[in-house]
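Trainee: Would you mind keeping the following structure in view while I ask a few things?
The values are calculated or read from the model by the stated rules, or taken from the named source; none is laboratory data. Not measured: the values here are computed from a predicted model. Counting neighbours? That spans all protein chains shown, and the Cβs are built from the backbone with ideal geometry, glycine included.
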Amino acid sequence: MSNDKPIHRYNEFLKSSAFLFSLVIIIFINPFLDDSDGGRIAGSLLVLGTMIGALSVMFTHKYIFWYVLTMVALSVVLEMLSLSYKSEVYVGIKFLRNSFFYGTFALILFYYLMKVQPLSLTEIGNAISIYLLVGLAFSNYYCYYTMNNPQAFFLPPNDSGNIQFDLMYYSFIALTTTGFGDIQPLMKIPRLLAIFETIFGTFYIAVIIGRLVGMGKSAASTKE
């Protein structure tokens, strides 16, 4: 019985690490995906991989598990429809689905991160995952908005040609408050979202550092 806790913590760490790794893979593979059927399928499989990772992380949480499983089923259906009918409508719906999933799962992880007491590598990994999830949530909504409003963003003449990667790059530039200025929102809604994303990125780092330091002090005092 005494060995159960370390094994459980190790399993939780593996699941958290696998989920974080799936998010990192999406970010680094995205620049190499084109707009062909193969590129879209590869992109969808990467998103599906993050959802499966989310299933494993939340396996013991019944309602969240079924929520993520529903998103997986929806992903499969949307992919089949988009390949069968070749309609941009389904591509737009997938961007919205991605944005919704990343955003809601970031909130779920944040909720559990605020509840947990002992500090561990699992919580640190989840804190990083939340940050990446928010950047991906905003970038997917920017992609959806740009599909309906092609002039929503100013892109430099020598941009990558991959609008999805360009907007993901912009999203993380806004989230980290770096502000290079090479890509700029030109319409009200993207500008408002960029303001919110920048504010979130600034306060999230402060809140998480404070939380993790507090958890570390609590763990140290418990050992004493």
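Trainee: Within segment 83-114, work out how many residues are of a type in the set (G, A, S) and either in contact (Cβ under 8 Å) with a residue 40 or more places away in the chain or not in a helix (DSSP H, G or I) (or both).
Mentor: Qualifying residue count for the region: 3.
Trainee: For segment 144-174, name all the residues that are under 19 Å from I25 (Cα atoms) and not hydroxyl-bearing (S, T, Y).
Mentor: N162, I163, Q164, F165, D166, L167, M168, F172, I173
Trainee: Looking at the structure I just gave you, is M80 closer than 29 Å to Y10 by Cα, at pLDDT below 85 and part of a helix (DSSP H, G or I)?
Mentor: So M80 fails the test.
Trainee: Is it fair to say I124 is surrounded by fewer than 18 Cβ atoms within 10 Å (Cβ to Cβ), in a helix (DSSP H, G or I) and at pLDDT 90 or above?
Mentor: Details: surrounded by fewer than 18 Cβ atoms within 10 Å (Cβ to Cβ): yes; in a helix (DSSP H, G or I): yes; at pLDDT 90 or above: no.
So I124 fails the test.
Trainee: Can you pull out the residues in segment 50-77 that are at pLDDT below 80 and part of a helix (DSSP H, G or I)?
Mentor: Answer for segment 50-77, where residues must be at pLDDT below 80 and part of a helix (DSSP H, G or I): just K62.
Each row is one residue, and each column tells you yes or no for (1) within 28 Å of S16 (Cα to Cα); (2) in contact with a Pro (Cβ under 8 Å, 6 or more places away or on another chain); (3) in a helix (DSSP H, G or I).
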site	(1), (2), (3)
L136	yes, no, yes
Y145	no, yes, yes
Y169	yes, no, yes
A174	yes, no, yes
T177	yes, no, no
F180	no, no, no
F196	yes, no, yes
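Trainee: Something else: Sort out which residues of segment 57-93 are of a type in the set (S, T, N, Q) and surrounded by fewer than 16 Cβ atoms within 10 Å (Cβ to Cβ), and write them in order of number. Show your work before the answer.
Mentor: Just the residues of segment 57-93 that are of a type in the set (S, T, N, Q), to begin with: 60, 70, 75, 82, 84, 87.
Those that are of a type in the set (S, T, N, Q) and surrounded by fewer than 16 Cβ atoms within 10 Å (Cβ to Cβ): T60, T70, S84, S87.
Trainee: Among the residues of segment 157-171, write down those that are surrounded by 11 or more Cβ atoms within 10 Å (Cβ to Cβ) and without any contact (Cβ under 8 Å) to a residue 60 or more places away in the chain.
Mentor: D159, I163, D166, L167, Y169, Y170, S171
Trainee: Can you spot a residue in segment 28-35 that is farther than 26 Å from L119 by Cα, in contact (Cβ under 8 Å) with a residue 24 or more places away in the chain, in contact with a helix residue (DSSP H, G or I) (Cβ under 7 Å, 6 or more places away or on another chain) and part of a helix (DSSP H, G or I)?
Mentor: yes
Trainee: For segment 34-64, which residues satisfy the criterion of being more than 17 Å from G92 (Cα to Cα) and of a type in the set (S, T, N, Q)?
Mentor: Passing the criteria: T50, S56, T60.
Trainee: On the basis of being at pLDDT 90 or above and surrounded by fewer than 17 Cβ atoms within 10 Å (Cβ to Cβ), does F100 make the cut? Full working, then the answer.
Mentor: Details: at pLDDT 90 or above: yes; surrounded by fewer than 17 Cβ atoms within 10 Å (Cβ to Cβ): yes.
Considered against the rule, which asks whether it is at pLDDT 90 or above and surrounded by fewer than 17 Cβ atoms within 10 Å (Cβ to Cβ), F100 comes out as yes.
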